[in-house]
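Beneath this line is the structure, given in structure tokens, with notes to follow.
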Amino acid sequence: ALREKKEQLGNLVSLEMGKIGPEGLGEVQEYIDICDYAVGLSRMFAGQVLPSERPGHMLLEMWNPLGVVGVISAFNFPCAVYGWNNAIALTTGNSLVWKGAPSTPLTSIAMIKILQSVFEANNLPPAICSLVCGEADVGARMAEDERLPLVSFTGSTAVGNKVAVKVQERFGKSLLELGGNNAIIVNDDADVDMVVRASLFACVGTAGQRCTTTRRLIVHEKLYDSVLERLKKAYTQVKVGDPLEAGTLYGPMHSKQGVQQYLDTVAEVKKAGGTIECGGKTIDRPGNFVEPTIVTGLAHDSPIVHKETFAPIVYILKTKSLEEGIQWNNEVKQGL
């Protein structure tokens, strides 16, 4: 059913979230792939058969469904994140209650309609996969509800921490996929061409609105100038435009709130003494467009460098050794 609607659903993801067309289609493909995986997994659940101290008896290990799984997903992956949870939860015998992001309700409803059609075609109740559209108060109720033995949350680290505490207070289980502040560490023997190619999409893909976005580029001093200049040139070649238009590589931010966070961070960078190598401004066109931005001149332990801004801003840091770069990255990881 997802394959039949892949193009329509992928375009809806792009239209509502803002990511470029290939990424929207890629999300639906991820859902399809995890369904294929889950079908195979359904024949592979392991269980142990153990000898018993009682003659003529044995011990049999059997896995049982949890019951109802709660899923709270984020705006940046309105299709794939639910798909990952959905396929595995169904395969293990659970039903689901889903709260999608309040800013991407059309994608959520379209996906539930597709699932509904499959259940009805197989004489099963569509409520096996239920959707609630709402704000944060719905997610808070889900975290507290003892009828949900497992709550899967995708979003910011700060909110994820609150969800985890609420679920733990009632001895429930939580599955968290939270923010990050990822780095690429470039040693002095790195292939610069590969570094630039890898960094470009890692930094500006999805307009920086991924937990896997590269936000810090830690470069050995021998390659620092070369990487910086080539990456700046690459940034000027990124085609900005309508995410549904063929050839567009960089679309808008999802919301005006995201644009404001971007501008606030640029202002904070300047106040801290950082240099805006390229970007740093909004783009004068309809929509929530901002320029992909490269920042230099800040120390690795600057508070703004350690802060994750969900926007296309990367800090390029100069290091003397691979070991030093790893240590810098570990400091950020420990603070998350």
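The values are calculated or read from the model by the stated rules, or taken from the named source; none is laboratory data. Everything quoted here is computed from the prediction, not taken from an experiment. With ideal geometry, Cβ positions are generated from the backbone for all residues, glycine too; neighbour counts draw on all protein chains shown. When the accessible area is computed, the model is the full protein with side chains, heavy atoms only, and any ligands, DNA or RNA have been set aside. Shrake-Rupley method; radii C 1.70, N 1.55, O 1.52, S 1.80 Å.
Based on the Cα coordinates of the chain, what is the per residue volume of their convex hull in Å³?
On the way: hull volume 60.8 nm³, N = 336.
Residue-normalised Cα hull volume stands at 181 Å³.
Mean projection of the alpha-carbon convex hull of segment 1-156 over all orientations, in nm²?
Values: hull surface 46.1 nm².
The orientation-averaged projected area of the Cα hull of segment 1-156 comes to 11.5 nm².
Give me the percent of accessible area attributable to carbon and sulfur for segment 2-72, probe 1.4 angstrom.
On the way: 2770 of 4600 Å².
Reported share for carbon and sulfur atoms: 60 percent.
For the chain, what is the accessible area per residue in Å² when the probe is 1.4 Å? Don't skip to the answer; put the middle values down first.
On the way: 17290 Å² over 336 residues.
Computed with neighbouring chains in place, this is 51 Å² per residue.
Using a 1.4 angstrom probe and counting only protein chains, how large is the accessible area of L59 in Å², to 10?
Only protein atoms counted, so the area is about 90 Å².
For every helix of n ≥ 4 consecutive DSSP H residues, a contribution of -39,500 (n - 2.57) applies; sum these over the chain, divide by its total residues, and give [θ] at 222 nm rounded to the nearest 500 deg cm²/dmol. Mind dumping the intermediate values first?
Numbers: 11 runs with 144 residues, N = 336.
When only DSSP H runs of four or more count, the value is -13500 deg cm²/dmol.
Between their Cα atoms, which of K232/K256; K232/K320; K166/K270; K113/K333; K19/K232 are more than 28 Å away from each other? Present the calculation step by step, with values, prior to reporting the outcome.
Values: K232/K256 26 Å; K232/K320 22 Å; K166/K270 38 Å; K113/K333 40 Å; K19/K232 22 Å.
Listed pairs above 28 Å: K166/K270; K113/K333.
Report the dimensions of segment 108-219 along its three principal axes from the alpha-carbon atoms, largest first, rounded to Å.
59, 39, 22
At 25 °C and a viscosity of 0.890 mPa s, what translational diffusion coefficient does Stokes-Einstein give for segment 275-320, taking Rh as the Kirkwood radius over Cα pairs? Give it in µm²/s as a whole number. Can you show the working numbers first?
Working: Rh = 11.7 Å.
It diffuses with D of about 209 µm²/s by this estimate.
Within the set K233/K281; K5/K99; K6/K173, which residue pairs have Cα atoms separated by over 28 Å? Show your work: numbers first, answer last.
Values: K233/K281 17 Å; K5/K99 22 Å; K6/K173 32 Å.
Flagged as over cut-off: K6/K173.
For segment 143-295, max minus min Cα coordinate along each principal axis, in Å, sorted largest first?
55, 42, 37
Where does the charge balance sit around R197 when Lys and Arg score +1, Asp and Glu -1, over other residues with C-beta under 14 Å from its C-beta?
On the way: positive: R230, K233; negative: D191, D193.
Charge balance in the 14 Å sphere: 0.
Taking a probe of 1.4 angstrom, what is the accessible area of D264 in Å², to the nearest 10?
For D264, the solvent-accessible surface is approximately 80 Å².
Where does each of T282, T296 land when they are ordered by accessible area, with a 1.4 Å probe and the largest first?
Values: T282 70, T296 10 Å².
These residues rank, largest area first, as T282, T296.
What do you reckon, how do F310, F171, F119 stack up by accessible area (1.4 Å probe), largest on top? Spell out each step's value before the answer.
Details: F310 50, F171 175, F119 20 Å².
Final ranking, largest accessible area leading: F171, F310, F119.
Grab the alpha carbons of segment 74-158, take their convex hull, and tell me the volume per residue in Å³.
On the way: hull volume 8.3 nm³, N = 85.
Taking the convex hull of the Cα positions in segment 74-158, it is 98 Å³ per residue.
Which order do you get for H300, H57 if you rank them by accessible area with a 1.4 Å probe, largest at the top?
Descending order: H57, H300.
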